[in-house]
Amino acid sequence: MADVFTPAPVAVFTTGGTIDKLYFDAKSDYAVGDPQIGSILKEACAQVPYTLTQIFQKDSLDLTDEDRAVIASHVETSDAQQVLITHGTDTMVETAQVLQPMNDKTVVLVGALNPARFKNSDAVFNIGFAMAAVQTLPPGVYIAMNGRIFDPAQTRKNVNANRFEHVAPAEAEG
């Protein structure tokens, strides 16, 4: 019997961030390593066709407006209608807001609060959740973190609580 549902290919772009970090001591000396999403999807036996493109290997605090324009260009020029971006959590909201005018594709940004290489990382769960989200959400730009979908215009990272949270639009700016 033929496959009734063949998922569309997902374009996966990596930018670095905690999800790909390598720590050399107690969380102070680090480097952003190779993207982890490919090995995570392989180990999970994911059956979703995807392409993987590394855009940057940076901590998100080091991303500039020019870098965000490069990310936007990759999304705009991709033939894929579904785009997943791995990104550092500190400036994920800012990048997602830059991408929001692109409402003809489903774009999901995902990261991790602990490196994928750590035993108790949230990376594997977040990537699986984001891969499902990018295939099922309507066109728009979203953040997928820790089992929740967020609208970038109404989201902030609560650094003290180490989580993302929904806020009123006026609060999201501050």
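The values are calculated or read from the model by the stated rules, or taken from the named source; none is laboratory data. Given the structure is predicted, the values throughout are model-derived calculations rather than measurements. In this analysis, Cβ positions are derived from the backbone assuming ideal geometry, glycine residues included, and neighbour counts consider all displayed protein chains.
One residue stands out among those in region 49-66 that are surrounded by fewer than 19 Cβ atoms within 10 Å (Cβ to Cβ) and charged (D, E, K, R): the one that is nearest to SER39 (Cα to Cα), which is LYS58. Of everything in region 86-114 that is farther than 22 Å from GLU66 by Cα and touching an Asp or Glu at 6+ places or on another chain (Cβ under 7 Å), the residue that is surrounded by the fewest Cβ atoms within 10 Å (Cβ to Cβ) is ASN114. Applying the criterion of at least 2 residues that are over 22 Å from THR53 (Cβ atoms) to the strands (runs of 3 or more DSSP E) found wholly in region 65-174 leaves 148-150, 155-158, 163-166.
If I filter region 163-174 for residues that are closer than 20 Å to GLU43 by Cβ and touching a residue at least 12 places away in the same chain (Cβ under 8 Å), do I get at least one hit? No, region 163-174 contains no residue that is closer than 20 Å to GLU43 by Cβ and touching a residue at least 12 places away in the same chain (Cβ under 8 Å).
So which residues in region 126-145 are within 12 Å of the chain's Cα centre (by Cα) and either among the aromatic types (Phe, Trp, Tyr) or surrounded by fewer than 15 Cβ atoms within 10 Å (Cβ to Cβ) (or both), if there are any at all?
Residues of region 126-145 within 12 Å of the chain's Cα centre (by Cα): 126-131, 133-134, 141-145.
The answer is PHE129, TYR142.
Close Cβ contacts (under 6 Å, 6 or more residues apart or on different chains) running from residues in region 138-150 that are touching a residue at least 12 places away in the same chain (Cβ under 8 Å) to residues that are in a strand (DSSP E or B) and among the aromatic types (Phe, Trp, Tyr) comprise ILE143/PHE150; MET145/PHE164; ILE149/TYR142; PHE150/PHE164. Name the residue that is nearest to GLN81 (Cα to Cα), counting only residues in region 102-149 that are at pLDDT below 85, among the small types (Gly, Ala, Ser) and in contact with a helix residue (DSSP H, G or I) (Cβ under 7 Å, 6 or more places away or on another chain). Of everything passing the filter in region 102-149, ALA123 is nearest to GLN81 (Cα to Cα).
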